[in-house]
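Below: the structure, in structure tokens.
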Amino acid sequence: MSNYEGKIISCKDICFAYDGMPVLSHISFDVMDGECLAFMGPNGCGKSTLFKIINGLAFPELGTYQFKGKSIDRKTLDDATFAKVFHQQVGFIFQNSDLQLFCSNVREELEFGPVQMGLAKEDIERRVGDVAAMLSLESLLDRAPYHLSGGEKKRVAIGCILTMNPQVLILDEPLAGLDEQSQKWLLGFLQSLKKSGKTIIFATHDRDLANSLADRILTIDSNHRLLGEMH
Ligand SMILES: Nc1ncnc2c1ncn2[C@@H]1O[C@H](COP(=O)(O)OP(=O)(O)OP(=O)(O)O)[C@@H](O)[C@H]1O
Ligand SMILES: [Mg+2]
């Protein structure tokens, strides 16, 4: 995955429909390495669907999606080695953390990604330790994820992605359901990830979050089309 000249994500003319019902209509945009991009738009305009496509969990009916200059489609992701490298580089944090957490305790949850990557035991332990410290998860390591509060689950879900050290982070409504203090903490944390050079793409209904974090805001309208850029 090289020769992409800093254009980490390139979507061209993407169209998608569920059972014939259009949800994304001719969406084109690029994301440069290290950029922070916000997607806004009304409920049902297609933001989460677009994120599924960017994460290789759904495929456009029309148009193309390239990651680092390589087409991401059913065929390329059929190659297990390519798919593994791709999924390790793009971390998706769901709006609903319950859909993301499935292990019996937080430590296993954090270990899952690095184990899938085939890392050595010491590397896995180091990554889990570093991420647990970064997100203040040490006291939760032996707890069952489904007994955690919403904010704690969100921290664990972010941790599970960070242990894989992806270059791109995709967050769907990251502040939804968090109290004021957790929102403040998460905003600061995302700002520090941005400063460290990560590419961040997020969807939000919170204009303040978009203004304070994003380099660019893209808006999808109720007709599932991309409007002009702000910022
Ligand atoms: N699996 C599915 N099957 C059928 N329709 C779906 C499916 N997932 C989403 N939709 C529909 O596609 C449209 C776009 O949904 P999507 O979740 O992408 O919107 P969104 O912009 O993320 O909305 P929100 O702001 O409410 O999160 C909606 O009308 C939704 O009902
Ligand atoms: Mg959504």
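The values are calculated or read from the model by the stated rules, or taken from the named source; none is laboratory data. Keep in mind that what you see is a predicted model, and the values were worked out from it rather than measured. Neighbour counts are summed over all protein chains in view; Cβ atoms, including those assigned to glycine, are modelled from backbone coordinates with ideal geometry. Heads up: the accessible areas ignore ligands, DNA and RNA and are worked out on the full protein's heavy atoms, side chains in. Shrake-Rupley method; radii C 1.70, N 1.55, O 1.52, S 1.80 Å.
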Completion exercise
Rounded to the nearest 10 Å², the accessible area of Arg107 using a 1.4 Å probe with every protein chain kept is 90
Practice task
Mind jotting down the distance between the C-alpha centroids of the range 1-72 and the range 191-231, whole Å?
Solution key: 14
Exercise for the section: Heads up, I need the accessible area for Tyr18: 1.4 angstrom probe, whole protein in place, Å², nearest 10. Expected result: 80
Practice task
Mind checking the per residue accessible area of the chain for me, 1.4 Å probe, whole number of Å²?
Solution key: 48
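About its Cα centre, what dipole magnitude does the range 7-219 give when the only charges are +1 on Lys and Arg Cβ and -1 on Asp and Glu Cβ, stated in debye to the nearest 20? Provide the component values of the computation, followed by the final result.
Values: 23 positive and 27 negative charges, 84 e Å.
That gives the range 7-219 a dipole magnitude of about 400 debye.
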Problem - Where Lys154, Lys75, Lys198, Lys12 fall by accessible area, highest first, once all protein chains stay in place (1.4 Å) - result: Lys75, Lys12, Lys198, Lys154
Practice task
From largest accessible area down, sort Phe59, Phe86, Phe112; use a 1.4 Å probe on the protein chains.
Solution key: Phe112, Phe59, Phe86
Problem - Accessible surface, 1.4 Å probe, highest first, among residues Lys68, Lys184 - result: Lys184, Lys68
Handout entry: Solvent-accessible surface (1.4 angstrom probe) belonging to Asp179, in square angstrom, nearest 10
Key = 90
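Measure off, as a whole percent, the carbon and sulfur share of the 1.4 Å-probe accessible area of the chain, all protein chains present.
Details: 5550 of 11140 Å².
Taking all protein chains in place, the chain shows 50 percent carbon and sulfur surface.
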